[in-house]
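Take a look at the structure set out below.
The values are calculated or read from the model by the stated rules, or taken from the named source; none is laboratory data. In this text the structure is predicted, and so the values were computed from the model without any measurement. With ideal geometry, Cβ positions are generated from the backbone for all residues, glycine too; neighbour counts draw on all protein chains shown. All accessible areas refer to the heavy atoms of the entire protein, side chains included, with ligands and DNA or RNA removed. Shrake-Rupley method; radii C 1.70, N 1.55, O 1.52, S 1.80 Å.
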Amino acid sequence: MLITDSAVSRRSTIFALMLIIFIAGLFSYATLPRESNPDITIPIILVQTTYEGAASEDVENLITLPLERKIRAVKDVKEIRSVSAEGASIVEVEFMPDVDIDEAMQRVRDKVDQAKGDLPGDLENDPAVIEINLSEWPILMVAISGDVGERVLKKVAEEMEDLIEQIPGVLEVDVTGARQREIRVEFDPERMAAYKLSFTEIMTLIQRENVNVPGGSIDLGKGKYMLRIPGEFSSPSEIDNLVLVARNGKPIYLKDVSVINDTFEDHKTYARINHRSSVTLSVKHRPGQNIIAVSDQVFALLAAARPRLPSGVDFTVTLNESKDIRRMVSELENNILTGLVLVLVVLFMFLGIRSALFVALAIPFSMLISFTVLQAMGITLNMVVLFSLILALGMLVDNAIVIVENIYRHMEEGQDRIKAAKLAASEVGWPIIASTITTLCAFGPMMFWPDIMGEF
């Protein structure tokens, strides 16, 4: 065969190429991003709408059906599924596998905007258009718990959220179980009636007083200064002393007709650990980033922050995706090393140490070539790639044994090493290629498999 003959004749070039492959392969392996799943596009978009207090039948008639009628006109839609529950509507739009998901998202948003006129006017929030993306699933979940108040846990969570989001490979951090502070005004209807006050008057007054007023600018000498009149409430006591009206020359304060409570909003999410309330931080990584490296930076940040935590507060990692990725990469390394040792032992018993070394060297060098190609193509080291490398490792050893054994046979028949190598490779080269192609043909149709499985 032309390639093998040229390789045998130019040994110095091959040795130099092996050195380049060794260096490039080690560098690629060290820098390849590690992920559990490949970054594939799932052609599904969700339209989620919340309508609190509405029955499932009302949600279906007032929200789900109007949205479906508009979304049905979007092109490349394969199927539309919906769920109407009490207070919530979810419309799942599945597109054809080859659709551009960004364009599909924009088309769905346009149709949802068109449907807003047909939706109830008292919706608290507009329908949310959500893309399903595996790369945006959390890689770490950290629970913050302790025998302290909810305010302390929330403060610690917000501080850690800001610190973690500063890590380069982190996309965002979602906080679960923490409630926003809320100043609740509970009115006394009897007192309001006695002072002849209405809800509309009080609400208008509160909105008018709770605002910062821009005052323009003023020139003083060589400087120009912006003016601002602060008017937003900063503490509940300011709301207590808000003057509503004056009756018979006496001011009527808001505290005279209501009770001001400094509390939290109603629970929207819950987080608990070991039967105690907690606040959970869900860390998401940027697509294509090394999950292991990002996780290590987060763990280092948690370790540095732990001594500064309030007494009784601690961190607990409830989800660590990098642990599974480390295990998968470790299994690949173990397979390579185990195959290397077993090949050396078996071939040493039957063909001698020299033939065993040549076959064994083919294993790491082929893997290093693969890592270099993966790096050049921008492919991450994920579950599918690791499975493929382990599968190829078995074929690689089989083919190398066949070629080396045939070279050994020609040398036993009296041929010199150079001629034996050329003859042996030319004799079994095409059969080995054919046997490898048969394996590829078994897995090849999966590349054209429809839907998400084909993407994997």
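What are the pairs, 6+ residues apart or on separate chains, where a residue within the stretch 28-47 that is of a type in the set (A, V, I, L, M) has its Cβ under 9 Å from a residue that is part of a loop (DSSP other than H, G, I, E, B) and open to solvent by less than 20 Å² (accessible area, probe 1.4 Å)?
L32/T380; V47/P127
Take the residues in the stretch 393-422 that are of a type in the set (K, R) and surrounded by fewer than 17 Cβ atoms within 10 Å (Cβ to Cβ), then tell me which one is nearest to L440 (Cα to Cα).
So in the stretch 393-422, the residues of a type in the set (K, R) come out as 409, 417, 419, 422.
Cutting the leftovers down to surrounded by fewer than 17 Cβ atoms within 10 Å (Cβ to Cβ) gives us 409, 417, 419.
On the way: R409: 29, R417: 32, K419: 31 Å.
Restricting to residues being of a type in the set (K, R) and surrounded by fewer than 17 Cβ atoms within 10 Å (Cβ to Cβ), the top hit is R409.
For S388, state whether it is assigned to a helix (DSSP H, G or I) and either touching a strand residue (DSSP E or B) at 6+ places or on another chain (Cβ under 9 Å) or closer than 24 Å to M328 by Cα (or both). Give the derivation first.
Working: assigned to a helix (DSSP H, G or I): yes; either touching a strand residue (DSSP E or B) at 6+ places or on another chain (Cβ under 9 Å) or closer than 24 Å to M328 by Cα (or both): yes.
When the stated conditions are applied, S388 passes them.
From the list N399, N335, pick out the single residue that is among the polar types (S, T, N, Q), within 36 Å of the chain's Cα centre (by Cα) and in a helix (DSSP H, G or I). Walk me through how you get there before you give the answer.
On the way: N399 fails: within 36 Å of the chain's Cα centre (by Cα).
Just one listed residue meets the conditions, N335.
Give just the number: which of (1) over 26 Å from the mean Cα position of the chain (by Cα); (2) within 30 Å of M447 (Cα to Cα) does A85 not satisfy?
With respect to (1) over 26 Å from the mean Cα position of the chain (by Cα); (2) within 30 Å of M447 (Cα to Cα), A85 is out only on (2).
Here are D39, D5: which of them is assigned to a helix (DSSP H, G or I) and among the acidic types (D, E)? Let's see the steps before the verdict.
Values: D39 fails: assigned to a helix (DSSP H, G or I).
Matching residue, one of D39, D5: D5.
Each row is one residue, and each column tells you yes or no for (1) at pLDDT 75 or above; (2) in contact with a Leu (Cβ under 8 Å, 6 or more places away or on another chain); (3) open to solvent by less than 40 Å² (accessible area, probe 1.4 Å).
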| position | (1), (2), (3) |
| --- | --- |
| G352 | no, no, yes |
| S355 | no, yes, yes |
| V359 | no, yes, yes |
| S370 | yes, yes, yes |
| L374 | yes, yes, yes |
| V385 | yes, yes, yes |
| S388 | yes, no, no |
| L391 | yes, no, no |
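Does the stretch 428-456 hold any residues that are within 30 Å of F95 (Cα to Cα), open to solvent by 40 Å² or more (accessible area, probe 1.4 Å) and in a helix (DSSP H, G or I), and which are they?
The first filter runs over the stretch 428-456 and keeps only residues within 30 Å of F95 (Cα to Cα), leaving 440-456.
This time we only want the ones that are open to solvent by 40 Å² or more (accessible area, probe 1.4 Å), so: 440-443, 445-453, 455-456.
Selection gives L440, C441, A442, F443, P445, M446, M447, F448, D451, I452, M453, E455.
Determine which single condition A425 fails, assuming it passes every other condition in (1) in a helix (DSSP H, G or I); (2) open to solvent by 40 Å² or more (accessible area, probe 1.4 Å); (3) farther than 30 Å from T31 by Cα.
(2)
For the stretch 260-312, which positions are of a type in the set (S, T, Y), outside any loop (DSSP other than H, G, I, E, B) and open to solvent by 60 Å² or more (accessible area, probe 1.4 Å)?
Looking only at the stretch 260-312, we keep the residues that are of a type in the set (S, T, Y), and these are 263, 269-270, 277-278, 280, 282, 295, 311.
Filter again for outside any loop (DSSP other than H, G, I, E, B), leaving 263, 277-278, 280, 282, 295.
Answer for the stretch 260-312, where residues must be of a type in the set (S, T, Y), outside any loop (DSSP other than H, G, I, E, B) and open to solvent by 60 Å² or more (accessible area, probe 1.4 Å): just S277.
Mind checking which residues of the stretch 141-187 are open to solvent by less than 40 Å² (accessible area, probe 1.4 Å), part of a strand (DSSP E or B) and among the hydrophobic types (A, V, I, L, M, F, W, C)?
Selection gives V142, A143, I144, V170, V173.
Mind listing whichever residues of the stretch 93-109 are assigned to a helix (DSSP H, G or I) and open to solvent by 70 Å² or more (accessible area, probe 1.4 Å)?
Narrowing the stretch 93-109 to residues assigned to a helix (DSSP H, G or I): 101-109.
Answer for the stretch 93-109, where residues must be assigned to a helix (DSSP H, G or I) and open to solvent by 70 Å² or more (accessible area, probe 1.4 Å): D102, E103, Q106, R109.
Given the residues K70, K78, which is the only one that is surrounded by fewer than 17 Cβ atoms within 10 Å (Cβ to Cβ) and either free of Cβ contacts under 8 Å to residues at least 60 places away in the same chain or part of a loop (DSSP other than H, G, I, E, B) (or both)?
Sole residue among the options that is surrounded by fewer than 17 Cβ atoms within 10 Å (Cβ to Cβ) and either free of Cβ contacts under 8 Å to residues at least 60 places away in the same chain or part of a loop (DSSP other than H, G, I, E, B) (or both): K78.
Does L254 count as modelled with pLDDT of 75 or more, among the aliphatic types (A, V, I, L, M) and touching an Asp or Glu at 6+ places or on another chain (Cβ under 9 Å)? Before the answer, list the steps.
Numbers: modelled with pLDDT of 75 or more: yes; among the aliphatic types (A, V, I, L, M): yes; touching an Asp or Glu at 6+ places or on another chain (Cβ under 9 Å): yes.
In short, yes.
Return the pairs, sorted by first residue and then second, in which the second residue is surrounded by 15 or more Cβ atoms within 10 Å (Cβ to Cβ) and hydrophobic (A, V, I, L, M, F, W, C), the first residue lies in the stretch 168-190 and is at positive phi and touching a residue at least 60 places away in the same chain (Cβ under 8 Å), the beta carbons are less than 6 Å apart, and the residues are 6+ apart or on different chains.
Close Cβ pairs (under 6 Å, with a partner that is surrounded by 15 or more Cβ atoms within 10 Å (Cβ to Cβ) and hydrophobic (A, V, I, L, M, F, W, C)) amount to G177/A271; G177/V279.
Do we have G121 as small (G, A, S) and in a loop (DSSP other than H, G, I, E, B) here? Even if it seems obvious, please write down each step before you answer.
Working: small (G, A, S): yes; in a loop (DSSP other than H, G, I, E, B): yes.
Yes: the conditions hold for G121.
Name the single residue that is nearest to N320 (Cα to Cα) among those in the stretch 1-52 being of a type in the set (D, E) and open to solvent by 70 Å² or more (accessible area, probe 1.4 Å). Talk me through it step by step, then tell me what you get.
If we filter the stretch 1-52 for residues that are of a type in the set (D, E), which is where we start, we get 5, 35, 39, 52.
Among the residues that remain, those that are also open to solvent by 70 Å² or more (accessible area, probe 1.4 Å) are: 39, 52.
Values: D39: 19, E52: 34 Å.
So, considering only residues that are of a type in the set (D, E) and open to solvent by 70 Å² or more (accessible area, probe 1.4 Å), the one nearest to N320 (Cα to Cα) is D39.
Which one is farthest from L140 (Cα to Cα), of the residues in the stretch 319-331 that are exposed (fewer than 15 other Cβ atoms within 10 Å of the Cβ) and under 22 Å from the mean Cα position of the chain (by Cα)?
As a first pass, look at the stretch 319-331 and keep what is exposed (fewer than 15 other Cβ atoms within 10 Å of the Cβ): 323-324, 327, 330-331.
Within this subset, residues satisfying the condition of being under 22 Å from the mean Cα position of the chain (by Cα) are 323-324, 327.
Working: K323: 10, D324: 12, R327: 16 Å.
Step by step, filter the stretch 319-331, then rank; the result is R327.
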